[in-house]
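For reference, the structure is listed below as structure tokens.
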């Protein structure tokens, strides 16, 4: 098995786990009950921590097209790998959502009413949701670029990234459900339809814009530190 194929399998598995566990916590616990908001945020963050220590040494554990885009723009991966990563992540997100759909159907529980899909209503519409997701993705991706640039931080990078994903979810859950990851949003939306599909473009576009901005700002930081 080639190294590239191993990377793509790792990204597929990692993204499936993130969607299943993160969105699953919202589906079965709910994000509105006492403690539910924090529990869902932690579920997403802990999923990243777990996967970082499982597949980090294989693929870098991007499990997010926005992260891969920023890494590509920072010239840390090839164009071919970027395409392979994104395809793997999208399929992983769909499979994770499919598993969640099956399990929620068997248990007859979905406290979100849509597999934890992202919606714009809580942010006041498309404009508010775009702003929220761009800002949160910018913070998340900028952190990833910074903490993974220094190989000496490798042992703690997964924890830092997981905690960052947790705190952006704490802010974003009441507003959009928090995406910051197109693959996380596409899977649940495809199985939910309706408003989730209508709003989906926001949760594809905004994280990518946030990732580009993070890559540009990080480039400035690198240029400054090189002086």
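The values are calculated or read from the model by the stated rules, or taken from the named source; none is laboratory data. Keep in mind that this is a model prediction, so the values were computed, not measured. A quick note on method: Cβ atoms are made from the backbone with ideal geometry, for glycine too, and the neighbour counts reach across all protein chains shown.
If I ask for residues that are out of contact with any helix residue (DSSP H, G or I) (no Cβ under 7 Å at 6 or more places or on another chain) and surrounded by 17 or more Cβ atoms within 10 Å (Cβ to Cβ), which ones from region 38-59 would you list?
Passing the criteria: only 50.
Here are some residues: 99, 103, 90. Which one is modelled with pLDDT of 95 or more, in a helix (DSSP H, G or I), more than 17 Å from the chain's Cα centre (by Cα) and closer than 15 Å to residue 184 by Cβ?
Checking each option against the conditions leaves just 99.
Whether any residue in region 176-192 is in contact (Cβ under 8 Å) with a residue 40 or more places away in the chain, under 28 Å from residue 53 (Cα atoms), in contact with a helix residue (DSSP H, G or I) (Cβ under 8 Å, 6 or more places away or on another chain) and surrounded by fewer than 18 Cβ atoms within 10 Å (Cβ to Cβ) is what I want to check.
Within region 176-192, none of the residues are in contact (Cβ under 8 Å) with a residue 40 or more places away in the chain, under 28 Å from residue 53 (Cα atoms), in contact with a helix residue (DSSP H, G or I) (Cβ under 8 Å, 6 or more places away or on another chain) and surrounded by fewer than 18 Cβ atoms within 10 Å (Cβ to Cβ).
For region 52-84, which residues satisfy the criterion of being within 12 Å of the chain's Cα centre (by Cα) and assigned to a helix (DSSP H, G or I)?
Those that are within 12 Å of the chain's Cα centre (by Cα) and assigned to a helix (DSSP H, G or I): 65, 66, 67, 68.
Taking region 106-130 as the search range and keeping residues that are in contact (Cβ under 8 Å) with a residue 60 or more places away in the chain and part of a helix (DSSP H, G or I), which one is farthest from residue 166 (Cα to Cα)?
Looking at the filtered set, the residue picked out is 107.
Could you list all residues from region 111-131 that are buried (at least 20 other Cβ atoms within 10 Å of the Cβ) and over 18 Å from residue 65 (Cα atoms)?
Of everything in region 111-131, those that are buried (at least 20 other Cβ atoms within 10 Å of the Cβ) and over 18 Å from residue 65 (Cα atoms) turn out to be 112, 114, 115, 116, 119, 120, 123, 129.
Is it the case that region 111-120 has a residue that's more than 15 Å from the chain's Cα centre (by Cα), at pLDDT 95 or above and over 19 Å from residue 190 (Cα atoms)?
No, region 111-120 contains no residue that is more than 15 Å from the chain's Cα centre (by Cα), at pLDDT 95 or above and over 19 Å from residue 190 (Cα atoms).
Six or more apart or on different chains, Cβ under 7 Å: which pairs go from a residue in region 76-92 that's touching a residue at least 12 places away in the same chain (Cβ under 8 Å) to one that's surrounded by fewer than 19 Cβ atoms within 10 Å (Cβ to Cβ) and in a helix (DSSP H, G or I)? Could you list them?
Filtered contacts from region 76-92: 81/4; 84/4.
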